[in-house]
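I have placed the structure first, in the form of structure tokens, so that the comments after it can refer back to it.
FYI, it's all coordinate maths here, none of it is from the lab. Worth saying up front: this structure is predicted, and the values here are computed from it rather than measured. Cβ sites come from the backbone with ideal geometry, for glycine too, and all protein chains shown count toward neighbours.
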Amino acid sequence: MAIITSAGAGIKAAGRATILQLRAAQATARAIEKEASELVAMSPVPIVVSSRCDIALAAGAAGVNLPESDIPVEAARGLVGERLVGRSVHSLESALRAQGAGADFVIFGPVWASASHPDSPPVGIAALAEVAHALAIPVLAIGGVTQERIAQCHEAGAAGYAAIRFFE
């Protein structure tokens with residue numbers, strides 16, 4: 001499983017990903033909905049929308065991914081029903097809470113230093129392994145993922161990885 005998490009990279013990266021996440025925190029709701037609808041219509045892989053259950057539903061997306069500080073997984077599940085609900089997490093405790101609340105997957109990291117989150121210290125591959133082995137749902141690595149590090153993610157037990165710059 002590979003997720004691209006970015007606005008704008010879209011379809012050109014879909015051949016390398018198994019799911020696309022639209023992440024456009026600075027965009028207006030209207031702009032996000034427009035891009036999400038276009039991605040859903042054109043993408044060969046499922047689309048999830050970051051943070052916006054309403055837009056995921058309006059665009060017919062496969063689901064939503066929630067940052068750790070976002071609404072509870074249970075609330076999102078109540079809104080999106082059987083669609084995918086993921087949670088971005090930064091600790092084993094948060095990952096376990098997300099799984100217990102009904103998340104379908106977690107995105108864990110940053111595993112390595114990441115330009116996207118310069119103020120977040122990397123947790124390392126050992127922490128990824130700990131989380132991946134503790135959960136029954138898919139765990140995706142994020143943060144500093146490169147072509148050379150994908151094998152390390154899988155060896156640690158991750159179901160895949162999420163990336164921004166890797167796909168650009």
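What to note about this one:
- Multiplying the residue separation of H117 and E38 by 0.36 nm and subtracting their alpha-carbon distance yields 25.7 nm.
- The HN-Hα couplings worked out from phi for the range 46-61 by the Karplus form 6.51 cos²θ - 1.76 cosθ + 1.60 (θ = phi - 60°) are x, 10, 10, 10, 6, 6, 10, 4, 4, 6, 4, 5, 4, 8, x, 5 Hz, whole numbers, x standing for Gly and Pro.
- D54 paired with L96, simple spin-label distance in nm, labels 7 Å along Cα-to-beta-carbon: 3.6 nm
- Taking all Cα pairs closer than 8 Å and separated by 6 or more residues, the relative contact order of the chain comes to 18 percent.
- Going from the fewest other Cβ atoms within 10 Å to the most, the residues E38, E33, E93 appear in the order E93, E38, E33.
- By the Kirkwood approach, averaging reciprocal distances over each pair of separate Cα atoms, the chain gets a hydrodynamic radius of 15.6 Å.
- For the range 87-101, putting each phi into the Karplus relation 6.51 cos²θ - 1.76 cosθ + 1.60 with θ = phi - 60° gives couplings of 9, 7, 9, 10, 8, 4, 4, 5, 5, 5, 4, 4, 4, x, 7 Hz, in residue order, rounded to whole numbers and with x for Gly and Pro.
- Rounded to the nearest whole Hz, the Karplus-based 3J(HN,Hα) values (6.51 cos²θ - 1.76 cosθ + 1.60, θ = phi - 60°) of the range 108-124 follow the sequence 10, x, x, 6, 10, 4, 9, 5, 6, 9, x, 8, 9, x, x, 8, x, with x at glycine and proline.
- Amide H to amide H, with H built 1.01 Å from N, V85 comes under 5 Å of V64, D104, F105, counting only residues 5 or more places away or on other chains.
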